[in-house]
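Since the structure comes first, as structure tokens, the remarks are kept for the end.
The values are calculated or read from the model by the stated rules, or taken from the named source; none is laboratory data. Keep in mind that this is a model prediction, so the values were computed, not measured. Reconstructed Cβ throughout: ideal geometry from the backbone, glycine too, with neighbour counts over all protein chains shown.
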Amino acid sequence: MPSAPPLSPPPSRRVSSLFLRALRLRCPHCGGGPVFVTWSRLVPNCPVCGLGFERGEEGYWLGAYFFNLMAMETVFSVWVVGFLLLTWPEPPWEFFQVTTIILMLVVPFAFFPYSKTLFLAFDLWVRPPSEADFILPHEEGRRVVRKHR
């Protein structure tokens, strides 16, 4: 007897789609967007599926800062090793210092939006969304009083 198809994609496919969507600066859950108002400002909810991007914990974006730090350290490590391998035995230290400072100033700003979406993808992978994550914020409705004639 054939079994029913699974309701959710296989775990490996789900993980890859979460992170690929995040790398495209889209909602990791549905792929909708745009999710950034400016390079550094994220909208509060996905405009397509309504997923809240701050998932209810104080200090939630600390994980995104950690992702940004790891990216910066990775770029630095690759830069140092690559530079020394290519220029050894006489590396131009002045060029190395100037370029390293520029990289360390540019990479955190360039990677900032990616760190937010990648951390959100990681969080969705580790802690799948619940119904409460999809509640859209709303304004208090104005009380409209109509006079009947």
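Would you mind stating whether Val80 is over 13 Å from Asp123 (Cβ atoms), in contact with a Leu (Cβ under 8 Å, 6 or more places away or on another chain), at pLDDT 90 or above and of a type in the set (Val, Ile, Thr)?
no
Here the stretch 26-39 is the region considered, the condition is being touching a residue at least 24 places away in the same chain (Cβ under 8 Å) and either crowded, with 17+ Cβ neighbours inside 10 Å or β-branched (Val, Ile, Thr) (or both), and the residue that is farthest from Leu124 (Cα to Cα) is Val35.
Return the residue satisfying two criteria in turn: it lies in the stretch 73-116 and is of a type outside the set (D, E, K, R) and in a loop (DSSP other than H, G, I, E, B), and of such residues it is surrounded by the most Cβ atoms within 10 Å (Cβ to Cβ).
Taking the stretch 73-116 first, the residues of a type outside the set (D, E, K, R) are 74-89, 91-93, 95-115.
Add one more test, that the residue is in a loop (DSSP other than H, G, I, E, B), and what stays is 88-89, 91-92.
On the way: Trp88: 8, Pro89: 5, Pro91: 13, Pro92: 11.
Checking each candidate, the answer is Pro91.
Yes or no: Cys49 closer than 16 Å to Ala132 by Cα, modelled with pLDDT of 90 or more, not in a helix (DSSP H, G or I) and not β-branched (Val, Ile, Thr)? Here the answer is yes, as Cys49 does meet what is asked.
Among the residues of the stretch 40-59, count how many are without any contact (Cβ under 8 Å) to a residue 40 or more places away in the chain, of a type outside the set (D, E, K, R) and at negative phi. Spell out the reasoning first.
If we filter the stretch 40-59 for residues that are without any contact (Cβ under 8 Å) to a residue 40 or more places away in the chain, which is where we start, we get 41, 43, 46-48, 54, 57-59.
Now drop any that are not of a type outside the set (D, E, K, R), which leaves 43, 46-48, 59.
Now restrict to residues that are at negative phi: 43, 46-48.
Final tally of qualifying residues: 4.
Of the set (1) under 13 Å from Leu120 (Cβ atoms); (2) assigned to a loop (DSSP other than H, G, I, E, B); (3) at pLDDT 90 or above, all apply to Phe67 but (2). If you go through the stretch 88-121 and keep only what is small (Gly, Ala, Ser) and within 13 Å of Leu23 (Cβ to Cβ), you end up with Ser115, Ala121.
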